[in-house]
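So the structure is just underneath, and the comments pick up after that.
FYI, it's all coordinate maths here, none of it is from the lab. Keep in mind that this is a model prediction, so the values were computed, not measured. So basically every Cβ, Gly included, is an ideal-geometry build from the backbone, and we count neighbours across all protein chains shown.
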Amino acid sequence: MRRPQRAFIVVNAGPLAVAIVLYCIPQLSGTEVFGQITLGITWGLLQLGLFISTSWWYENRSSTLCDAGNRSPDSVRPQAKTSGIAHVSETGQG
């Protein structure tokens with residue numbers, strides 16, 4: 001398992017476990033936080049925001065790693081400086 005994958009799973013597993021506990025204890029999830037907004041709704045929205053942001057991070061991280069892996073070895077090596085003289089082929093046509 002790659003490092004970005006592991007980080008994505010770890011970051012989202014904790015809030016998911018708390019959401020399961022809140023689901024199993026309706027008295028706790030029904031606690032009012034602000035007006036009609038309950039702890040369960042608040043936690044669900046926070047978890048959704050976390051999931052969307054970590055998904056975005058994971059996709060960016062994975063695409064960066066894939067792009068770096070797809071580059072040819074020649075494009076990674078620094079190009080040698082030329083002396084400014086054009087190379088002439090043996091036929092005399094440059």
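Report, by chain and number, residues whose modeled amide H sits under 5 Å from the one on residue 38, excluding near sequence neighbours (fewer than 5 apart, same chain).
Amide H neighbours of residue 38: 33.
Can you give the net charge of the other residues whose Cβ lies under 13 Å from the Cβ of residue 4, counting K and R as +1 and D and E as -1?
Cβ neighbours under 13 Å give a net charge of +3.
Using the Cα gyration tensor of the range 5-56, with a ≥ b ≥ c the square roots of its eigenvalues, what is the shape: rounded (a/c below 1.5), prolate (a/b larger than b/c) or oblate (neither)?
On the way: a/c = 4.62, a/b = 1.82, b/c = 2.55.
Cα axes put the range 5-56 in the oblate bin.
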